Structure formats: C-alpha cells, structure tokens
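So the structure is just underneath, and the comments pick up after that.
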Amino acid sequence: PADERVRGRPPVSSGQVGAYLGTPLTSMSGQVIGALCVFGPEPRDWSEADVATLRQLADSTVTELELSALVRHDESDRVRWGLAIDSAGIGTYDWNLVDGRLTWDNQLIGIFGYDADTFEQTIDAFLERLHPDDVARVQDALQTCIDTCGEFDSEYRVVRPDGETRWVRARGRALPGPDGTAVRLLGAAYDTTGEREGATRVTRVLEAMPAGFYSLDREWRFTHVNAEAERLLGRTREDLLGRVLWNDWPAAMDSIFEDSYRTAVRTGLPVSFDAHYPAPLDGWYEIRAWPTPDGLSVYFTEITERRRMQEQADRSAARLAILAQVSAEMAGTLDVSVAARHLPRLVVPALADFAIVTLVDADGRPRDVSTWHADPGSRALLERYAAVRLESMPAVSPVARALVSGEPIREEVRTVVHVLPEGPAKELVSVLAPETAAVLPMRGRGRTLGLLTLYFRPGSKVVEEDLATAQDVADRAGLALDNARLYNTQMQLAEGLQRS
C-alpha cells in the first residue's frame, strides 16, 4: 500500500491487496496485447523464480490467445468456403476403404435423391442410383483410382427415384495408408445437367448445319465432328475423335491449311480461304476457322461443283475472247496470210500446249508458217520441228489426211511417230513429247486452205469445248483466207478488164 504506483487504488487502500506482480502479454510480432497479474492480501517479496514463472505463464497465455484467434479465423474461412460450396451446388464425399463406410454431405445426398434417413452410407447405395449404362465404366474408374492410389475423374448419369436423370461430374483422390495401399477416397461432385443441356442444344444446332464442322484442341486432336463433316470427309466421328489432324490428313501439312490454321491460333484472329485437298477427297473447299480458348473451330463446305462451274465460265469467256480477237485480226488487215501466222499465239496456252499453223500455197503445196509453245524454252525446238516435219510426213499421217479430207483428226502422237521415217523430224517430236495432237482444217468454199495443229502434253486434259473453239478459230481463218483469195482474183480480173 506504500508503493506510489498503487497508492490511491481502492483495493489496495482497503487492504485487500498486499502484494502485486504483473508482466505484459506480448504477441509474436512484439505488440503488447494485455497483462498477466497476480496479487495477495499479505505483503511479500517476489523472487526471480516467481517472476520467471509468471513470464512463462504469460507466454502460454499469449500462445493460447493467438491460437484462439486463428481458430476463429479458420472457422470463418470454413464458413465462407462452405457457403461457396453450397452456392455452387458442390457435394463432398469420404469413402473409408477399410470399413466400407461412405460419407456424403447433405448436398450430395440431395443430388442423388436420398435423404439422411434413406442413405445407407455404402458404395452399393451409390451404384444403385447410377444409370445402368454407366455402372461398369464408373466401377472401372474407381478401381483404377484405388489400385494406383491415383485420381478419380468421371461424369455419369444418376437416375433419381422420381425417374429424373441427372448428369454428375465427380473428382476424387485415393489416400494411401502406412503400407502404401489406398485406405480412403476423398472427393467432390456437382450436377452438370444444365451444362449438358446447353451443350446438347449447341450440338443439335451443329448437327442440323448444312456445313461441315469440326473442332480441334491445342494438340490438333479432333474433339467434335458433326454429321455433315462425316459425310464430306468420308470418315465417321468415332474414327476421327481423338486423332491428330496432321497424322490422318498429311496433305494438309505444308499447305494453305496448315499455314492458315496456325496463323489463326497464333494471332487469335479468324481466317477464311478456298483450297483444294487431293485424294482421297480430291475436292475444293471453302474454309472458315475461328480460334477458341480450347483450340480451333472449323466450318467448311465443298465448292467443287461451284469451282468447276466458275472455271467453265472463265474458260467460256476466254474462248469468246479468242474468237473475238481472231475476228478482229482477220478483219483488220489486208494481208490475211500474215494475220493467220498469229493464230498459234492466240490459242496457246488457252486451248493447247503448243501449236503449228500450216498454209496452202497457190500451187497447192502446204507450208508450216508459224509456231508457238507455252514453254519459252521449247519454242526454238518447235520451230526446228516445223521446218522439217512436212517433208517427212507420209500420206497416212494426220496432216496429210486432214488436207485431203478437210475433216478434223485427233490422234495419239505415238501413232504419228510410228509412221515417221528415221530422221530429224522423228527425233524432234520425240523430244517435244506431246501425247495427243488435233489437226483442224482451215476450210474455205469447197477447199482446205490450211491447218491448225494443236498439241497436248502428258497430263493435259483435252477438253471438247476447247477443240470446238479451236475449230471455230480455224474456220474463221479459213473463211478469211478464202475471202482474201476471191478478192485477189477479182482484183486481177478487174485489172485485166481495165487493160483490155
């Protein structure tokens, strides 16, 4: 009571406190959070041991206080975690593999259509609610998880007592015991029916699309293929799903397909292009590809017929342009024989790979007057062949027969080579190596005034419409040559009359 630090305090002044010892409560961070005090009614001297004991008690008190705070914090976290789990509709399970007890929380019990009284806490109760088609698959996955002390991941159907079928996605992990074998399987599950219904609606739309659709993951594996894609690709979805694009369709590598797909994934921007895929498809396709977070989505339609029609329209336009140019050149000069020499350049390469024009002189002798080859490196060779071929042609050759009959002739060149005698002409045509030749007469009024010979190399397709156009070119040239012949005859007659 005589100590100035406690003088005036009612308990001390009244004599209730004769001795007092206190120590601060200091947290691990050094912050003073309180004090621990002891006192008695009789005065006493506190020993160092008393002080040390009180300090130890203070340290224990601080530890207990901090542990209590942590427990309250953890409990708050657990409450928040539980609320999040409940709001997400996630249920948890704990399967004791030693005694077989299966513990579910209320969320999971409700998903399976049980209640706390009807759920028997056994794996049989779980299997009883599985769709019959999913039982074997799920059991195999569970057994693999247990045998390997690994993870369980499966999506299956649950048939509830009211007949409703729900989809559930479950994940779990097996925990090993001291001997390394699994003793518990812990995990969580949630209802995915809504997601499945949304995916089903999307699938129905994709299946009804008139365009092919397939999706690829980031490893370029097929993850979805619709019915139209099956038809266009000639493969079933069972055969394609999980397969790598580049392995099953090798012609797509190092092509516009690979370049465009990788560009879309790299840039995140959609791409569209037209491309031809060789056998086994051997068709033209219009492609649109969109990058997605999971990989690439590809829509495509076959445009082979459209492409063919477009090419046909382009060729028709080119044919008309050739005819118009021939008519313009023939009508725009007084020396038609000079204009006729330009014909090979007009028909090559639009109608053939190379060509030779032959004109018949006034004395009836044919002469090759002009040539043209699509390959610049072969033009000199073709000129040399034209300089020697007619003198080597026998009477049975296509050229001789066309001059006599005035009818077009088409033959394989190997037949022509066979009838040619040994010499420069035979050697040169063998080097030029055409596969097919078409000899088209330039017909006037009652006579043949020349020939237009077209040659086609191996691999070049002989199109009947092109030959018809070439014959029209030859006929126009023949008519122009005949008109020029008649004009010259009339001019000579008029000059003779004038002189007379």
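The values are calculated or read from the model by the stated rules, or taken from the named source; none is laboratory data. All values reported here derive from a predicted model rather than from experimental measurement. Because the Cβ atoms are built from the backbone with ideal geometry, glycine has one as well, and the counts that use them run over all protein chains shown. Accessible surface areas use protein heavy atoms only, side chains included; no ligands, DNA or RNA. Shrake-Rupley method; radii C 1.70, N 1.55, O 1.52, S 1.80 Å.
Taking the conditions exactly as written (modelled with pLDDT of 90 or more, of a type outside the set (Lys, Arg), open to solvent by 80 Å² or more (accessible area, probe 1.4 Å) and under 20 Å from residue 213 (Cα atoms)), does residue 282 satisfy them or not? Answer is yes for this residue.
Residues of the stretch 311-333 that are surrounded by 11 or more Cβ atoms within 10 Å (Cβ to Cβ) and of a type in the set (Gly, Ala, Ser): 316, 318, 321, 327, 328, 331.
Inspect the stretch 435-447 for any residue being among the aliphatic types (A, V, I, L, M) and more than 18 Å from residue 340 (Cβ to Cβ) and give the result as yes or no. Looking for residues that are among the aliphatic types (A, V, I, L, M) and more than 18 Å from residue 340 (Cβ to Cβ), one finds at least one in the stretch 435-447, hence yes. Residue count for the stretch 289-310, restricted to those that are within 16 Å of residue 266 (Cα to Cα) and surrounded by fewer than 16 Cβ atoms within 10 Å (Cβ to Cβ): 4. Within the stretch 449-469, the set of residues being of a type in the set (Val, Ile, Thr), at pLDDT below 90 and within 23 Å of residue 386 (Cβ to Cβ) comprises 462, 469. If only residues of the stretch 95-114 that are within 43 Å of the chain's Cα centre (by Cα) and not in a loop (DSSP other than H, G, I, E, B) are counted, the one that is modelled with the lowest pLDDT is 107. Being of a type in the set (A, V, I, L, M) and closer than 18 Å to residue 341 by Cβ is the filter; apply it to the stretch 375-394 and report the residue that is surrounded by the fewest Cβ atoms within 10 Å (Cβ to Cβ). Across the stretch 375-394, the extreme among qualifying residues is 380.
Specify the residue that is farthest from the chain's Cα centre (by Cα); the eligible residues are those in the stretch 343-358 that are assigned to a loop (DSSP other than H, G, I, E, B), of a type outside the set (Gly, Ala, Ser) and closer than 15 Å to residue 321 by Cα. Filtering first and then ranking leaves 348. The selection criterion, being modelled with pLDDT under 90, under 29 Å from residue 235 (Cβ atoms) and open to solvent by 30 Å² or more (accessible area, probe 1.4 Å), holds for residue 200.
So that you can scan it fast, the table gives a plain yes or no per residue for (1) modelled with pLDDT of 65 or more; (2) open to solvent by 40 Å² or more (accessible area, probe 1.4 Å); (3) among the β-branched types (Val, Ile, Thr); (4) touching a Ser or Thr at 6+ places or on another chain (Cβ under 9 Å):
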position	(1), (2), (3), (4)
170	yes, no, no, yes
177	yes, no, no, no
180	yes, yes, no, no
190	yes, yes, no, no
194	yes, yes, no, no
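Residues of the stretch 123-159 that are within 20 Å of residue 176 (Cα to Cα) and not charged (D, E, K, R): 123, 139, 141, 142, 143, 144, 145, 146, 148, 149, 150, 152.
Of 277, 261, all but one fail to be within 25 Å of residue 309 (Cα to Cα), among the hydroxyl-bearing types (Ser, Thr, Tyr) and surrounded by 15 or more Cβ atoms within 10 Å (Cβ to Cβ); the exception is 277.
Here 101, 129 are screened, and the one residue that is in contact (Cβ under 8 Å) with a residue 24 or more places away in the chain and among the charged types (D, E, K, R) is 129.
Among all positions in the stretch 223-237, there is no residue which is of a type in the set (Asp, Glu) and within 30 Å of residue 465 (Cβ to Cβ). Within the stretch 128-138, is there a residue that is more than 38 Å from the chain's Cα centre (by Cα) and open to solvent by 60 Å² or more (accessible area, probe 1.4 Å)? Looking for residues that are more than 38 Å from the chain's Cα centre (by Cα) and open to solvent by 60 Å² or more (accessible area, probe 1.4 Å), one finds at least one in the stretch 128-138, hence yes.
Residues that are under 18 Å from residue 190 (Cα atoms) and surrounded by 16 or more Cβ atoms within 10 Å (Cβ to Cβ) within the stretch 142-154 comprise 142, 152, 154, listed in sequence order.
Considering the stretch 407-422, the residues that are at pLDDT 90 or above and not basic (Lys, Arg) include one that is most open to solvent (accessible area, probe 1.4 Å), namely 407.
The residues of the stretch 42-55 that are open to solvent by 90 Å² or more (accessible area, probe 1.4 Å) and either within 10 Å of residue 20 (Cα to Cα) or in a loop (DSSP other than H, G, I, E, B) (or both), listed by number, are 42, 43, 44, 45. Considering only residues that are open to solvent by 40 Å² or more (accessible area, probe 1.4 Å) and at pLDDT below 90, look in the stretch 434-448 and name the one that is nearest to residue 311 (Cα to Cα). If we take residues in the stretch 434-448 being open to solvent by 40 Å² or more (accessible area, probe 1.4 Å) and at pLDDT below 90, then 443 is nearest to residue 311 (Cα to Cα).
Taken over the stretch 359-379, residues that are of a type in the set (Ser, Thr, Tyr) and part of a helix (DSSP H, G or I) amount to 1.
Taking the stretch 219-239 as the range and being over 21 Å from residue 304 (Cβ atoms) and in contact with a helix residue (DSSP H, G or I) (Cβ under 9 Å, 6 or more places away or on another chain) as the test, the residues that pass are 220, 221, 222, 224, 236, 237, 239. Set side by side, the residues 153, 147, 134, 140 differ, and just one is in contact with a strand residue (DSSP E or B) (Cβ under 6 Å, 6 or more places away or on another chain), part of a helix (DSSP H, G or I) and acidic (Asp, Glu), which is 134.
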